[in-house]
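Data block below; observations after.
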Amino acid sequence: MERRDVIIIGGGPAGLSAARRLAELGVAATVLERDQQAGGVPRHCGHLGFGWQSHRRLWTGPRFAEQLRADSTALDVRTGHTVLGIDGNVLRVQNQHGINEMAANRIILATGTRETPRAPRFVGGSRPRGVTTTGALQANVYLQNFKPFACPVIIGSEWVSFSAILTCRHAGIRPVAMIEAKDRISAPRPGDLISKLIYGVPVWTRTKLTAIAGQPQVEAVEIERHGKRERIACDGVIFTGEWVPEAALLVNRPKVTLAGNVHGDLKTSGACWREGRAIAEQIARGSA
Ligand SMILES: Cc1cc2nc3c(=O)[nH]c(=O)nc-3n(C[C@H](O)[C@H](O)[C@H](O)COP(=O)(O)OP(=O)(O)OC[C@H]3O[C@@H](n4cnc5c(N)ncnc54)[C@H](O)[C@@H]3O)c2cc1C
């Protein structure tokens, strides 16, 4: 069985910055990344807003991810390697050759967080095509050049919901509305004004999605707005936010150190990058 000093699961901003800082401090680390390319979520965030906290530059997500990969060229980063489970200090790892075991003295879990998709949100109606999350939409638009719908409804009003508007705009998609069940939007206040005045997307608060209709593609949503039921024509639904950590590997309660968004909340990529470095320093000192 292959043994390593430190194994980092996840090659996003947190995992790659931890690996690089460990190397600077003389500790050899291996990064295992399930995708074919390292860089994490920023790879498919085509908008500006990345790089300032780490490199003092204002970049798009893909440009930031490219820089992270450039910063990691001398490191042991293995893409196409999915960690399936952890038992003590032994990892079960799948790659194109099959499933192997690897052991590490220290394991850092940097697998990030994901938006809550439709199923756990208990929305009624049919199960048509055209229902997605912001992250999946961005992967469609920026990585696969695919436009899953033309006029969706956006559910939620966190920061990420507004980045869904930017992605739609980039792809020539025109959202019908953004809807929010609470009295006010979750992102800071000017968000709704900017959304309406600059991007032409109205934000409806105190509005709840009750059902999705259509087959095979979304044709409408049913909503409850200020206590009244309405049917809104649209051809897609984007569920945004409500973050859930990618923490399935914690099921056996292995002794791992968490880095980045796997803690649960959505932090900025720069904050995750810094956290990865701080954890690397603690590990190199033997204090984590
Ligand atoms: C739609 C959207 C817009 C955003 N906009 C901004 C923005 O404008 N500015 C900003 O600073 N931040 C933004 N963020 C946040 C930023 O992307 C995250 O803070 C950052 O990517 C978190 O880094 P991370 O390393 O913790 O996780 P991630 O980037 O999620 O990386 C985790 C990595 O772990 C890998 N992985 C998961 N499970 C396994 C496994 N079992 N085995 C191997 N590998 C695994 C994944 O493939 C992934 O590459 C945005 C996020 C989203 C979703």
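Taken together, the values in this text are just the output of simple stated rules run on the coordinates, not laboratory data. No experiment lies behind these values; they were computed from the predicted model shown. Note: ideal-geometry Cβ built from the backbone for every residue, glycine included; neighbour counts use all protein chains shown.
Below are the figures for this structure:
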{"quantity": "Kirkwood estimate for the chain, i.e. one over the average of 1/r between Cα atoms, Å", "calculated": "20.1"}
{"quantity": "Anchor Lys182: lysines whose Cα lies under 24 Å away (excluding residues fewer than 8 positions away in-chain)", "calculated": "Lys196, Lys208, Lys228, Lys267"}
{"quantity": "For segment 131-195 and segment 254-274, distance of Cα centres in Å", "calculated": "24"}
{"quantity": "Net lengthening on full extension, Leu84/Thr268 (0.36 nm per residue, minus Cα-Cα)", "calculated": "63.6 nm"}
{"quantity": "Normalised contact order of the chain, rounded percent, pairs of Cα under 8 Å and 6 or more residues apart", "calculated": "24"}
{"quantity": "Difference of contour (0.36 nm per residue) and Cα-Cα distance, Glu281 to Leu48", "calculated": "80.9 nm"}
{"quantity": "Stretchable slack from Val244 to Ile194, in nm (0.36 nm times residue separation minus alpha-carbon distance)", "calculated": "15.3 nm"}
{"quantity": "Evaluated at q = 0.14, 0.15, 0.16, 0.18 Å⁻¹: base-10 log I(q)/I(0), Debye formula over Cα of segment 116-239", "calculated": "-0.53, -0.61, -0.70, -0.91"}
{"quantity": "Loop trypsin sites (Lys or Arg not before Pro), segment 1-103 (other Cβ atoms within 10 Å of the site Cβ: 12 or fewer; DSSP)", "calculated": "Arg56, Arg57"}
{"quantity": "Test item: Cα-centred dipole of the chain, Lys/Arg +1 and Asp/Glu -1 on Cβ, debye", "calculated": "440"}
{"quantity": "Convex hull per residue volume in Å³, alpha carbons only, for segment 46-92", "calculated": "128"}
{"quantity": "Simple label model, 7 Å out from Cα along Cβ direction - Thr205 to Leu143, nm", "calculated": "3.5"}
{"quantity": "Loop-located chymotrypsin sites (Phe, Trp or Tyr not before Pro) in segment 97-198, at most 16 other Cβ atoms within 10 Å (DSSP)", "calculated": "Phe122, Phe146"}
